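Just below is one structure, and these are the notes that go with it.
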Amino acid sequence: MPEPKQYDAIVIGTGQGGKPLAVALAKAGWKTAVIERQYIGGTCVNVGCTPTKTMFNSARVAYLARRGVEYGVHTGSVAVNMPEVRARKQRVVESFRDGGRRSIEATKGLDLLMGEASFTGPHSIEVGMNDGGGRQSLVADKIFINAGARPSKPEVEGIDEVSYLDSTSVMEFDQLPGHLLVMGGGYIGSEFGQMFRRFGSEVTIVHRGARPLTNEDPDVADEVASLFREDGVTLLLNSEVLRADRNESDVRLTVRTPEGEQTLIGSHLLVAVGRTPNTERLNLRAAGVETNTQGFIKVNDRLETNVPGVYAIGDVNGGPQFTHISYDDFRIIRANLIEGGDATTKDRLVPYTVFIDPQLGRVGLTETEARKRGLSIRVAKLPMSHVARAIEMSETRGFIKAVVESATNQILGCAVLGVEGGELMAMLEIAMMGRLPYTVLKDGIFAHPTMAESLNNLFMAMDS
Ligand SMILES: Cc1cc2nc3c(=O)[nH]c(=O)nc-3n(C[C@H](O)[C@H](O)[C@H](O)COP(=O)(O)OP(=O)(O)OC[C@H]3O[C@@H](n4cnc5c(N)ncnc54)[C@H](O)[C@@H]3O)c2cc1C
């Protein structure tokens, strides 16, 4: 084995935290290696946010085209061409991926190794190169693990025999599935379920919880359920898949529902039951890096593992699984190691948007969480049917809800289920960042007719 190559830093994975971190470290003068075993950009760019949201917008156009008459626009019959939907998605993915590769390659002092990394010691890594170039050994004082996660496999009898789809393969259809069965009504199952319904498939979502999107307030999740039903998605709640079988071209699920056992027959099965960290192949034992029982790497609020000099960022550390959180992990490392700061994950806001239609934008405490904590709160709620902009757009489904602390008038959290709900949520988030009392938004002047001006009425509703 040749002498290991010495670096100041090694980054494993080019996900949403790893890629910008590798570039920032190299730009700060650290000799850096970044290792990627598959696609530059990781999950979000290649098989997560970018392709799903690109495809979802195709589905939304199909939805609007079908609703054209409501707007006085007659389109004729609507046909969805899946190869064209896929090709559009692929073009966007490849442009993002290529942009990521170019920025790595243009960075001085940064080596990109395409291969699989595993630890051989606390500060040494071996890379099995993808191009058949054998194995390379690297050492560094600082190692950053950004290995991400992948779709989990459910513990269901017969699941291996039915060739099910996951969040990656479900985006590669050339022909629309006749009837898509979706196991899991979390955000990934919900987004795909509604998307395929809009493309024209029959869709049944089987979900264990009493409502989809189990972590949301009951009124929010109930509204999502009723929107899905209105869109023609069948929802089986409080239901559990017991067995999966394939029968020629059909997939059959035996499901325990509150009304007794049922057999569902579909053309395809999408499994969306969570994500498993990519830690097994890292040989963490060689480094002594500790994981929790689910395999996520344990870190403190500065993203340090138990091994000095080894950090874990993004999904692999078991934090909230969002692109912007992985990116924020990068910012924390940059602040602490490059900028001489003292950043932590403590008390950071974790906003997210579920890209169903209308979107659900969420940040801060839910009403349920606030009450569980015993906080004295007031809740403001405004239906989208009272928002001028939404009425003008014929997009009146959903509502806005904000939770305010009674003593301070500060906004603790919000849920915006409405057209472009993620954007309105971000306005409330900015108010939360600046610790503005809700009264400032209640009396603020916003341009008419925008979604933003609904904040006046939202908070007026709370006063009455
Ligand atoms: C269908 C879907 C939709 C999503 N939609 C959204 C959304 O709308 N908004 C949002 O915020 N989040 C969304 N997410 C979640 C988001 O994609 C992830 O939270 C984010 O990509 C996490 O990034 P990361 O930096 O942790 O790692 P990843 O992006 O997963 O990157 C990890 C990288 O490490 C590489 N790797 C792993 N092991 C090794 C190894 N041993 N050697 C070398 N390389 C290795 C992998 O190949 C991968 O490229 C979605 C996820 C999915 C699956």
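Remarks
- Simple point charges give the picture: +1 on the Cβ of Lys and Arg, -1 on the Cβ of Asp and Glu, and for the chain a dipole about the Cα centre of about 700 debye.
- Using alpha-carbon coordinates, inclination of helix 454-463 to the longest axis of the chain, degrees: 70 degrees
- Residue 290 paired with residue 443, simple spin-label distance in nm, labels 7 Å along Cα-to-beta-carbon: 5.2 nm
- Phi-derived couplings, Karplus 6.51 cos²θ - 1.76 cosθ + 1.60 at θ = phi - 60°, listed residue by residue for segment 213-222: 6, 3, 7, 7, 4, x, 5, 5, 5, 5 Hz, with x used for Gly and Pro.
- Integer Hz, Karplus 6.51/-1.76/1.60 couplings in order for segment 401-415, x for Gly and Pro: 9, 10, 10, 10, 7, 4, 5, 9, 6, 8, 7, 9, x, 7, 10
- The chain - mean residue ellipticity at 222 nm from DSSP helices (-39,500 (n - 2.57) per run, n ≥ 4, rounded to 500): -9000 deg cm²/dmol
- Against the chain, whose longest principal axis comes from its Cα atoms, helix 187-199 is set at around 60 degrees.
- FRET efficiency estimate (nearest 0.05) - Cβ-Cβ, residue 423 to residue 94, R0 30 angstrom: 0.65
- Distance between the modelled labels on residue 257 and residue 169, one decimal in nanometres: 2.6 nm (7 Å Cα→Cβ projection).
- Dividing the mean sequence gap of close Cα pairs (under 8 Å, 6+ apart) by how many residues segment 291-398 holds gives a relative contact order of 14 percent.
- Trypsin sites (Lys or Arg not before Pro) restricted to DSSP loop in segment 372-464 with at most 12 other C-beta within 10 Å: 373, 435
- Label point at residue 103 placed 7 Å out along Cα→Cβ; residues across segment 306-326 whose backbone nitrogen lies under 17 Å: 314, 323-326
- With a Förster radius of 45 Å applied to the C-beta separation of residue 27 and residue 457, the computed FRET efficiency comes to 0.45.
- Length-normalised contact order of the chain in % [C-alpha pairs under 8 Å, at least 6 apart]: 13 percent
- Using the Cβ-Cβ distance between residue 344 and residue 53 with R0 set to 35 Å, the FRET efficiency works out to roughly 0.70.
- 23 Å Cα-Cα threshold exceeded, pairs from 19/53; 5/142; 53/442: 53/442
- Taking 7 Å steps out from each Cα toward its Cβ at residue 450 and residue 436 produces label points 1.0 nm apart.
- Loop-located trypsin sites (Lys or Arg not before Pro) in segment 5-109, at most 11 other Cβ atoms within 10 Å (DSSP): 108
- Neighbour cut-off at most 13 other Cβ (10 Å), DSSP loop, GluC sites (Glu not before Pro), segment 138-173: 155
- Whole-Hz couplings from phi, Karplus 6.51/-1.76/1.60, listed for segment 114-120; x for Gly and Pro: 8, x, 9, 9, 9, 6, 10
- Radius 11 Å from Cβ of residue 415, net charge of other residues (Lys, Arg +1; Asp, Glu -1): -2
- Charge context of residue 383, other residues only, Cβ under 11 angstrom, K/R +1, D/E -1: +2
Throughout, read-outs are computed from the coordinates displayed, never taken from laboratory work. All of these numbers come straight from a predicted model, not from anything done at the bench. For neighbour counting, all protein chains shown are included, and Cβ atoms are generated from backbone atoms with ideal geometry for every residue, glycine included.
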